[in-house]
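Engineer: Below you'll find the structure I mean.
The values are calculated or read from the model by the stated rules, or taken from the named source; none is laboratory data. As the structure is a prediction and not an experimental result, all values here were calculated from the model. Note that we place each Cβ from the backbone using ideal geometry, even for glycine, and neighbour counts take in every protein chain shown.
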């Protein structure tokens, strides 16, 4: 089961709705944190209900609602609904949503596998140091899927994923063996906005 990432609520506000948020920052933060408490206590229906009430105003809540729909926690399993919700949060720039949506697309959880559409999401989330995105993007470079095969870039991405806690990455690096050429930097994208933990 994917671990819930407690993230500081991010307001969509005027940028996405065209009008002022209906809730204040403190109310959103308190509601989000009560959802975290319910989730941590295993009360998934309560967590889902809380986050569903603020998901239009809070990117982290939107991502968590998507995660719960994907896994069927506190609500019916709904891969298509999860994908749609992840897409909204990913388009707003949330790296965890970008990585989760890319993972769904690669696995074909809501339709046929779609690595082509997963690639830009992986690139954005990997640039924001998301370990799953770095690991999955490394796999693309290792085999030449949707990108030219480049073992140096793959090794660099696996190393980055390992440094950010991806447990499978060191083993994959060991299997690849040492690099035979000087290391090239991993592809970069524009830096993502920082996400502050609670």
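Engineer: Taking region 45-93 as the region of interest, how many residues are part of a helix (DSSP H, G or I) and either without any contact (Cβ under 8 Å) to a residue 24 or more places away in the chain or crowded, with 18+ Cβ neighbours inside 10 Å (or both)?
Structural biologist: Looking only at that region, the number is 30.
Engineer: Hey, another quick one. Kindly check whether there is at least one residue in region 95-118 that is surrounded by 20 or more Cβ atoms within 10 Å (Cβ to Cβ), assigned to a loop (DSSP other than H, G, I, E, B) and more than 12 Å from the chain's Cα centre (by Cα).
Structural biologist: If we filter region 95-118 for residues that are surrounded by 20 or more Cβ atoms within 10 Å (Cβ to Cβ), which is where we start, we get 95-106, 118.
Going one step further and asking which of them are assigned to a loop (DSSP other than H, G, I, E, B), we end up with none.
So far as region 95-118 goes, no, none of its residues is surrounded by 20 or more Cβ atoms within 10 Å (Cβ to Cβ), assigned to a loop (DSSP other than H, G, I, E, B) and more than 12 Å from the chain's Cα centre (by Cα).
Engineer: Report every pair of residues separated by at least 6 positions or lying on different chains whose Cβ atoms are under 6 Å apart, first residue within region 128-139 and in contact (Cβ under 8 Å) with a residue 60 or more places away in the chain, second not in a helix (DSSP H, G or I).
Structural biologist: Partner pairs satisfying both residue conditions: 128/192.
Engineer: Let me ask you something else. Anything in region 119-139 that is over 15 Å from residue 163 (Cα atoms) and surrounded by fewer than 24 Cβ atoms within 10 Å (Cβ to Cβ)? List them, or say none.
Structural biologist: Once the filter is applied, which keeps residues that are over 15 Å from residue 163 (Cα atoms) and surrounded by fewer than 24 Cβ atoms within 10 Å (Cβ to Cβ), region 119-139 yields 119, 120, 123, 124, 139.
Engineer: Name the single residue, out of those in region 24-44 being over 22 Å from the mean Cα position of the chain (by Cα) and assigned to a helix (DSSP H, G or I), that is modelled with the lowest pLDDT.
Structural biologist: 25
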